[in-house]
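Asker: Take this structure, written in structure tokens, and hold onto it; I'll ask about it next.
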Amino acid sequence: MRGRFGRLGGLASSLLLTLFGLVLVTFFIGRVMPIDPVLAVIGDHAPEDVIARTRAAMGLDHSLPVQFAYYIRALVQGDLGTSVMTTHLVTEDIARYFPATIELATYAIILATLVGVPLGVLAAVKQGSRIDQAIRVFCLAGHSIPIFLLGLMSLLVFYATLDWAPGTGRADVAFEGMVPVHTGFLTIDALIENDWDSLYDALGHLVQPAGVLAYFSMAYIARMTRAFMIDALSGEYIITARAKGLSALRVIWRHAFGNIAVRLITILALTYAGLLEGAVVTETVFSWPGLGQYLTVSLLNADMNAVLGATLVVGLIYMMLNLLADAAYRLFDPRVK
Amino acid sequence: MKVEIDNLTISFPSPQGMRAAVRGVSLTLGAEKLGIVGESGSGKSLTARALLRLLPGSAVVRADKLNFDGIDILKASERDMRAIRGRRAGLILQDPKYALNPIMTAGAQIAEAWQNQRKASRKEAMQAAIDLLAQVQIRDPKRVAESYPHELSGGMGQRVMIAMMLAPDPELLIADEPTSALDASVQAEILRLMEDLVSRRGMGLMLISHDLPLVSHFCDRVVVMYAGQVMEELQAGELVRAKHPYTRGLLECLPSLSHPQTRLPVMSRDPAWLA
Amino acid sequence: MSGVRTAWPNLLDRDWLLTDSPGSRSQALWGQRYRLWRDFSANRLAMAGLIIVLALVAMAIAAPLLATHNPAQQELTNRLATPSAAHWLGTDELGRDVYSRLLFGARVTLGMVLAVVALVAPFGLAIGCIAGYYGGLVDKILMRTTDVVLAFPRLILALAFVAAIKPGITSGIIAIAITTWPPYARLARAETLTIRNTDYIAAVRLTGASSARIVLRHITPLCLGSLIVRVTLDMSSIILFAASLGFLGLGAQPPSPEWGTMIATARRFFLEQWWVPLMPGLAIFVASLAFNLLGDGLRDVLDPKQR
């Protein structure tokens, strides 16, 4: 057991190192930008002495290493600065927008897993057949289609033409702000409040963006599942399992799939991290008030505190998911000891 | 129980068309110990696996007769096959390192085989697994039952494998190079254990190996295969009277302590053997 | 070397190519190439990918010849027109010919892809081979750096980077390159590690070859197969990446006919004049799919163990 925790300790130290790299890069990006952060705060036409005072107040009159130290200190205190655009603390903004992104990504990964894993298993079992070919093309298409095209077409077909799904945003105007915030996840808040109309509305708004995101990641999940399954199915222990007289279903799911489950969890964690990126584009298409949209709007307005704060937070989550993927492997696989 | 194979051909698709890996093999097997000997690629494993229909999906199997106790394997449904596999016939593979499922404990894998044909609780199955492990002469069956395959030695793993295949009390045991992956000292133990169990239960045994003397020592009859064909069939005791040049060649290439040679002869192969 | 000269007349001779006992090194080489090609061309999907990619390249090169209009020519009286004989794929929000813009957009997109690959592949290959061959501290430092970059969400890092410099094609290329090289380094390192300890490398070392020579002449060429597969498969993600930057307004800037940018500017009209953003969208899809199909087929041929 000590070995296991020792390895996790090594993992933690490499995490710290990566974290430091992340902070260093965001700091660097914040300093190399040609836009003067002082002018971004007080405007182009402020008098000289105001500029100088603001510069000092923002700690920009120090050398770069000192500035970096200040930056780290602020981060440790949980201070990401103030957003010029919203005039709120960046941490507050992130707390407000992030649940929407998490909710979207979570529904997407659930959908993608429920479709992608069985498709991958089916393709592997029927390797080389027409079904396999069809799944392959379906997945390659998912890999190839720009997510914004898929989103726009989905809106055009299901919202504008067929009127099956509601339009953009997280909720209809009539439901906007009707559910008290408990968790920030609309569907869960609606459930807590027993508000079925709001729940239905929220789910309706989720269908399209979550579906679009899901197709994108489903392709990857199915592809990896297929590769893993083909590998597992060629194992000698599969012959043993079949020689025992087990049913095909049991051989496939208990013996072959059982062997790839841990590797698959790793893939799912990485896919989930990837969804946070996919969300940036998807949220723009569906006007989804999440972190991705916050990030792009801040980017276009050169609101650097907000950009770097959001980048840092997403990077942090991304790293945690990577760590989780690694830890899952180390903790659940009996072979790693 | 009687196995009848008549004119069995197994081919695989290749870019150059179908390639036959087994060509016209015929043999029969009752409640006896039959050895099949041949070098790698001679088709001995394929022949055995064809009998349980465990070949890769791309294999094309043809035969005038491929029967297990009167059941036509070529025409049998998957359901019929499952009644044979793991109930009436077991298969032991070469290397327990790969042949055991790495993420299930040894006990769980044996219990699964035992439970497959009985209505029994998980607890009963686990107890049965421990009993079976004791039968294959494992001293600490409980601990082994709770171990994962990578925690077991090769000999131990092969005992687990044997226990698993004996769980349903089969009539035929096919052992595909069961000791090739083991240390020499363990090989004899495992073979003796297998022979003992097979004789005591009156089962048929098909022992596949590349080791001619070893097979002739443990079996009643030996079939020698080369390049997908049967070269010669012999009573085990009559090995010295083998006629076929391939069998003779195999025997002559063996090092011997009583008649040492400075240089072992090299096998020369005659294309006419494959006529 | 004399074999090279005699090879050409024989290249159409199937028996010469497929012989089991080639008479010269170049005959063996061409025979091997022919077998690879035969395996590859048997895969219909991969062939489709190859043909589309070649067609795209041809279209990009011949854009001025194939275009029916000047891609920058505005015709405000004929905005958002449906496809017609005059404008094969209709016109955009400023009355520019969409078909001609797509052709010139192919230049931008393929140019960006080429630039990224030209930056990333040699860099990643060098880092990976050096880390793998020398091992020790060099390996640790290089791979730790790689891990740090890999730990970033690619798109978001690129976005922050582009925003910090200045949105545009050049910064887009740099941003994509910065976030794309680590997998190449990892791949090259893994290959190098397996090659490094082989007997034939030991043999080369015994002949007195320098480390640099071993890496350049013996290890790098062996990494190329998997690298080519990776590059081809990556091209589609680079296309999507570039288009996403354009779509978010942070890549190529209007009036550039970059496909993602075209969608961004035409997005406002998509509920009524849906074909305007659809055309560049389809172009991105087809280009990216073609590279994926091609890469998939190449992987089957060049890298059978990953099938």
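The values are calculated or read from the model by the stated rules, or taken from the named source; none is laboratory data. Note that this is a predicted model, so its numbers are computed, not measured. All Cβ positions, glycine included, derive from the backbone under ideal geometry; neighbour counts span all protein chains shown.
Asker: Please determine, by comparing only the residues of segment B:84-106 that are more than 16 Å from the chain's Cα centre (by Cα) and over 23 Å from B:MET203 (Cβ atoms), which one is surrounded by the most Cβ atoms within 10 Å (Cβ to Cβ).
Answerer: Here the answer is B:ASN101.
Asker: Just to be sure, is A:PHE68 surrounded by fewer than 19 Cβ atoms within 10 Å (Cβ to Cβ), aromatic (Phe, Trp, Tyr), over 25 Å from A:THR183 (Cα atoms) and assigned by TED's automatic domain parsing to the domain that holds A:ASP231?
Answerer: Details: surrounded by fewer than 19 Cβ atoms within 10 Å (Cβ to Cβ): yes; aromatic (Phe, Trp, Tyr): yes; over 25 Å from A:THR183 (Cα atoms): yes; assigned by TED's automatic domain parsing to the domain that holds A:ASP231: no.
No, not satisfied.
Asker: While we're looking at this one, here's another question. Which ranges mark the strands (runs of 3 or more DSSP E) fully within segment B:14-83 that have 3 or more residues being within 19 Å of the chain's Cα centre (by Cα) and more than 16 Å from B:LEU173 (Cβ to Cβ)?
Answerer: In segment B:14-83, B:17-29 are the strands (runs of 3 or more DSSP E) which contain 3 or more residues that are within 19 Å of the chain's Cα centre (by Cα) and more than 16 Å from B:LEU173 (Cβ to Cβ).
Asker: Quick check on my filter: what residues within segment A:279-337 are part of a helix (DSSP H, G or I) and aromatic (Phe, Trp, Tyr)?
Answerer: Selection gives A:TYR294, A:TYR318, A:TYR329, A:PHE332.
Asker: Does B:ARG85 fit the bill of being of a type outside the set (Val, Ile, Thr), closer than 27 Å to B:ALA31 by Cβ and facing chain A (nearest Cβ under 7 Å)?
Answerer: So B:ARG85 passes the test.
Asker: Regarding segment A:184-202, can at least one residue be identified that is in the same structural domain as A:PRO289 (by TED's automatic domain parsing), surrounded by fewer than 16 Cβ atoms within 10 Å (Cβ to Cβ), modelled with pLDDT under 85 and under 20 Å from A:ALA279 (Cα atoms)?
Answerer: Checked against the condition, which is being in the same structural domain as A:PRO289 (by TED's automatic domain parsing), surrounded by fewer than 16 Cβ atoms within 10 Å (Cβ to Cβ), modelled with pLDDT under 85 and under 20 Å from A:ALA279 (Cα atoms), segment A:184-202 yields at least one hit.
Asker: I would also like to ask the following. Sort out which residues of segment A:161-208 are within 30 Å of C:TRP275 (Cβ to Cβ) and either in contact with a Gly (Cβ under 8 Å, 6 or more places away or on another chain) or not in a helix (DSSP H, G or I) (or both), and write them in order of number.
Answerer: Passing the criteria: A:LEU162, A:ASP163, A:TRP164, A:ALA165, A:PRO166, A:GLY167, A:THR168, A:GLY169, A:ARG170, A:ASP172, A:HIS205, A:GLN208.
For (1) surrounded by fewer than 22 Cβ atoms within 10 Å (Cβ to Cβ); (2) under 27 Å from C:ALA287 (Cβ atoms); (3) of a type in the set (Lys, Arg), each residue gets a yes or a no:
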{"residue": "A:GLY81", "(1), (2), (3)": "yes, no, no"}
{"residue": "A:THR113", "(1), (2), (3)": "yes, no, no"}
{"residue": "A:ALA124", "(1), (2), (3)": "no, no, no"}
{"residue": "A:ARG130", "(1), (2), (3)": "yes, yes, yes"}
{"residue": "A:PRO166", "(1), (2), (3)": "yes, no, no"}
{"residue": "A:MET178", "(1), (2), (3)": "yes, no, no"}
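Asker: Name the one entry in B:ILE71, B:ILE92 that is touching an Asp or Glu at 6+ places or on another chain (Cβ under 9 Å), of a type in the set (A, V, I, L, M) and under 30 Å from B:LEU214 (Cα atoms). Full working, then the answer.
Answerer: Values: B:ILE71 fails: under 30 Å from B:LEU214 (Cα atoms).
Residue meeting the stated conditions: B:ILE92.
Asker: Please indicate, with yes or no, whether at least one residue in segment C:260-269 is more than 8 Å from chain A (Cβ to nearest Cβ), surrounded by fewer than 19 Cβ atoms within 10 Å (Cβ to Cβ) and either among the charged types (D, E, K, R) or closer than 20 Å to C:PRO182 by Cα (or both).
Answerer: yes
Asker: So which of A:ALA57, A:ALA52, A:ALA134, A:ALA108 ends up being surrounded by fewer than 18 Cβ atoms within 10 Å (Cβ to Cβ) and closer than 30 Å to C:TRP275 by Cβ?
Answerer: On the way: A:ALA57 fails: closer than 30 Å to C:TRP275 by Cβ; A:ALA52 fails: closer than 30 Å to C:TRP275 by Cβ; A:ALA108 fails: surrounded by fewer than 18 Cβ atoms within 10 Å (Cβ to Cβ).
Unique residue meeting the criteria: A:ALA134.
Asker: How about segment C:66-92: which of its residues are within 23 Å of C:GLU272 (Cβ to Cβ) and among the small types (Gly, Ala, Ser)?
Answerer: C:ALA81, C:SER84, C:ALA85, C:ALA86, C:GLY90
Asker: Any chance you could count how many residues in segment C:230-240 are surrounded by 24 or more Cβ atoms within 10 Å (Cβ to Cβ), at the interface with chain A (Cβ under 10 Å from one of its Cβ atoms) and out of contact with any His (no Cβ under 8 Å at 6 or more places or on another chain)?
Answerer: 2
Asker: Counting residues that are of a type in the set (Val, Ile, Thr), which strands (runs of 3 or more DSSP E) fully inside segment B:186-237 reach at least 2?
Answerer: B:221-226
Asker: If you take the residues of segment C:258-290 that are in a loop (DSSP other than H, G, I, E, B) and touching a helix residue (DSSP H, G or I) at 6+ places or on another chain (Cβ under 7 Å), which of them is farthest from C:VAL53 (Cα to Cα)?
Answerer: C:LEU271
Asker: So in segment A:1-50, with the set limited to residues that are outside any helix (DSSP H, G or I) and modelled with pLDDT of 65 or more, which one is farthest from C:SER171 (Cα to Cα)?
Answerer: Residue satisfying both the conditions and the ranking: A:PRO47.
Asker: Sticking with this structure for a sec: Given the conditions (1) free of Cβ contacts under 8 Å to residues at least 24 places away in the same chain; (2) surrounded by 19 or more Cβ atoms within 10 Å (Cβ to Cβ); (3) within 30 Å of B:ALA99 (Cβ to Cβ), which single one is not true for A:ARG250?
Answerer: The failed condition is (2).
Asker: Output the residues belonging to segment A:256-305 that are among the aromatic types (Phe, Trp, Tyr) and either buried (at least 23 other Cβ atoms within 10 Å of the Cβ) or under 21 Å from C:PHE241 (Cβ atoms) (or both).
Answerer: Matches in segment A:256-305: A:TYR272, A:PHE286, A:TRP288, A:TYR294.
Asker: So, one more: Can you pull out every residue in segment C:241-257 that is part of a loop (DSSP other than H, G, I, E, B) and surrounded by 24 or more Cβ atoms within 10 Å (Cβ to Cβ)?
Answerer: Within segment C:241-257, C:LEU248, C:LEU250, C:GLY251, C:ALA252, C:PRO257 meet the criteria.
Asker: Right, next: Could you list, in sequence order, the residues of segment A:260-273 that are among the small types (Gly, Ala, Ser) and either over 14 Å from A:LEU324 (Cβ atoms) or away from chain C (no Cβ under 14 Å) (or both)?
Answerer: If the condition is that a residue be among the small types (Gly, Ala, Ser) and either over 14 Å from A:LEU324 (Cβ atoms) or away from chain C (no Cβ under 14 Å) (or both), then A:ALA261 is the only one that fits.
Asker: So, in segment A:137-154, of the ones that are more than 7 Å from every other protein chain (Cβ to nearest Cβ) and under 22 Å from the mean Cα position of the chain (by Cα), which residue ends up surrounded by the fewest Cβ atoms within 10 Å (Cβ to Cβ)?
Answerer: A:SER154
Asker: Within the group B:ARG192, B:ARG159, which residue is among the basic types (Lys, Arg) and either at pLDDT 90 or above or buried (at least 23 other Cβ atoms within 10 Å of the Cβ) (or both)? Lay out the reasoning, then the answer.
Answerer: Details: B:ARG192 fails: either at pLDDT 90 or above or buried (at least 23 other Cβ atoms within 10 Å of the Cβ) (or both).
Among B:ARG192, B:ARG159, only B:ARG159 is among the basic types (Lys, Arg) and either at pLDDT 90 or above or buried (at least 23 other Cβ atoms within 10 Å of the Cβ) (or both).
Asker: Still on this structure: Residues that are without any contact (Cβ under 8 Å) to a residue 60 or more places away in the chain, under 30 Å from B:LEU46 (Cβ atoms) and more than 10 Å from chain A (Cβ to nearest Cβ), at least 1 per element: which helices (runs of 4 or more DSSP H) completely within segment B:92-151 meet that? Show your work before the answer.
Answerer: Working: elements: B:96-99, B:106-115, B:122-135, B:141-145.
Output list reads B:106-115, B:122-135.
Asker: If I filter segment C:292-307 down to residues being at the interface with another protein chain (Cβ under 8 Å from one of its Cβ atoms) and assigned to a helix (DSSP H, G or I), which single residue comes out as modelled with the lowest pLDDT?
Answerer: Among those residues, the one meeting the criterion is C:GLN306.
Asker: Can you find a residue that is over 22 Å from C:THR109 (Cα atoms), away from every other protein chain (no Cβ under 14 Å) and either out of contact with any Lys or Arg (no Cβ under 9 Å at 6 or more places or on another chain) or free of Cβ contacts under 8 Å to residues at least 12 places away in the same chain (or both) anywhere in segment C:172-185?
Answerer: So far as segment C:172-185 goes, yes, one or more of its residues are over 22 Å from C:THR109 (Cα atoms), away from every other protein chain (no Cβ under 14 Å) and either out of contact with any Lys or Arg (no Cβ under 9 Å at 6 or more places or on another chain) or free of Cβ contacts under 8 Å to residues at least 12 places away in the same chain (or both).
Asker: With the requirement that a residue be of a type in the set (Ser, Thr, Tyr), buried (at least 21 other Cβ atoms within 10 Å of the Cβ) and under 30 Å from B:MET81 (Cβ atoms), what does segment A:203-239 give you? Give the steps one after another, and end with the answer.
Answerer: Residues of segment A:203-239 of a type in the set (Ser, Thr, Tyr): A:215, A:217, A:220, A:225, A:234, A:237.
Of the ones still in play, those that are also buried (at least 21 other Cβ atoms within 10 Å of the Cβ) are A:215, A:217, A:225, A:237.
Answer for segment A:203-239, where residues must be of a type in the set (Ser, Thr, Tyr), buried (at least 21 other Cβ atoms within 10 Å of the Cβ) and under 30 Å from B:MET81 (Cβ atoms): A:THR225, A:TYR237.
Asker: If you don't mind, there's one more thing I want to ask. From (1) in contact (Cβ under 8 Å) with a residue 40 or more places away in the chain; (2) farther than 15 Å from C:ASP234 by Cα, pick out the condition that doesn't hold for C:ARG144.
Answerer: Result: C:ARG144 fails condition (1) only.
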